[in-house]
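To keep things clear, I will list the structure first and then write my remarks on it.
Please treat every number below as a calculation from the coordinates, not as lab data. In this text, all values refer to a predicted model and were calculated from it rather than measured experimentally. Note that we place each Cβ from the backbone using ideal geometry, even for glycine, and neighbour counts take in every protein chain shown.
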Amino acid sequence: MAQDIRQIDLSPDQNLSRYLQKIRSFPMLDADEEVALARRWQQDGDQDAANRLVSSHLRLVAKIAMGFRGYGLPVADLISEGNVGMMQAINRFDADRGFRLSTYAMWWIRAAIHEYILHSWSLVKIGTTASQKKLFFNLRKLKGQLQAFDAGDLTPESVSTIAERLNVPEKDVISMNQRMAGPDHSLNTPVREDGEGEWQDWLEDTRDNQETVIGHSEELDRRRSLLVGAMDRLSERERHIIVERRLKDSPATLQDLSQEYGISRERVRQIEVRAFEKLQKSVKNAAIQQHYIC
């Protein structure tokens, strides 16, 4: 459906005022017409019915999109994304539930516009958690209500009020306000006015290079292989004691193992020491045989 509806000659990209004037010419639907059209689309795939449902709600999309003008994005783009949300709403609308399409569609329209804004703004500024997104979309509105819209750093009183209303920590309010106030900077920006050198030239990646990472991984695999082979040469009791005492984040106590095997704690310690010595010798011999110094 979305592809066919996009072919309608109603793009806000060309001339916004002309677009807004044109969508006013589409008639509003009464409840019975809306139900009939929705059923024709859902049951019969009637494209004309779907187009009429969309065109009759274009004014609703434009009205909602206008409410997001403060984010510095083209209104035409906001409307276009809202229209996509409108199409999604029509695909999922159930006319038999008894409520109007506009009530249902506004949530899809807002969701589509929200996603567009989030992807258009710097993700570094906004963050990705649900609480950060909530703070992002409500901070501008609350700053306007507090007459602090043009303020750089918020006053402590404003921070406290916003944090209380949105139920978020005050430090998150301060951080988000600073993110939204700071512009994005390209790493390709010249360092000097003559255009020689870019900021990205001064960035240093302190991580190991790919060859080093692969080398470490291969070495770890070799060591693990040597250890597994050496462990197989221990008795079952020796292997169990080594695992419990040396290879676990929370090692078992000598008392625990002495009760498990019915022997003294000193005897457990002796078995552990002897097993570890055997393990070291076995690993060393295997490494020499493989011409690999461990």
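Whole-Hz Karplus ³J(HN,Hα) for the stretch 225-238, in order, using 6.51 cos²θ - 1.76 cosθ + 1.60 and θ = phi - 60°, x for Gly and Pro?
Ordered by residue, 3J(HN,Hα) equals 5, 4, 5, 4, x, 5, 4, 5, 8, 8, 6, 4, 5, 4 Hz.
Would you mind counting up the charge near SER56? Only other residues with Cβ under 13 Å from its Cβ, with Lys and Arg at +1 and Asp and Glu at -1.
Summing Lys and Arg as +1 and Asp and Glu as -1 gives 0.
For a footprinting-style exposure proxy, rank MET86, MET28, MET106 by other Cβ within 10 Å, fewest first.
Listing MET86, MET28, MET106 from fewest to most nearby Cβ atoms yields MET28, MET106, MET86.
Through the Karplus equation 6.51 cos²θ - 1.76 cosθ + 1.60, θ set to phi - 60°, convert the phi angles of the stretch 270-287 into ³J(HN,Hα) values in whole Hz; use x for Gly and Pro.
These are the phi-based 3J(HN,Hα) values: 5, 5, 4, 5, 5, 5, 5, 5, 4, 5, 4, 5, 5, 5, 5, 4, 5, 5 Hz.
Please report how far the C-alpha centroid of the stretch 239-264 lies from that of the stretch 89-122, rounded to the nearest whole angstrom.
Spelled out, the Cα-based centre of one part sits 60 Å from the other.
Calculate, for ASP30 and LEU166, the FRET efficiency according to 1/(1 + (r/R0)^6) with r their C-beta to C-beta distance and R0 45 Å; round to the nearest 0.05.
0.70
So what J values fall out for the stretch 40-49 if you push phi through Karplus, 6.51 cos²θ - 1.76 cosθ + 1.60 with θ = phi - 60°, rounded to Hz, Gly and Pro as x?
Values, residue by residue: 4, 6, 6, 8, 10, x, 6, 5, 5, 5 Hz.
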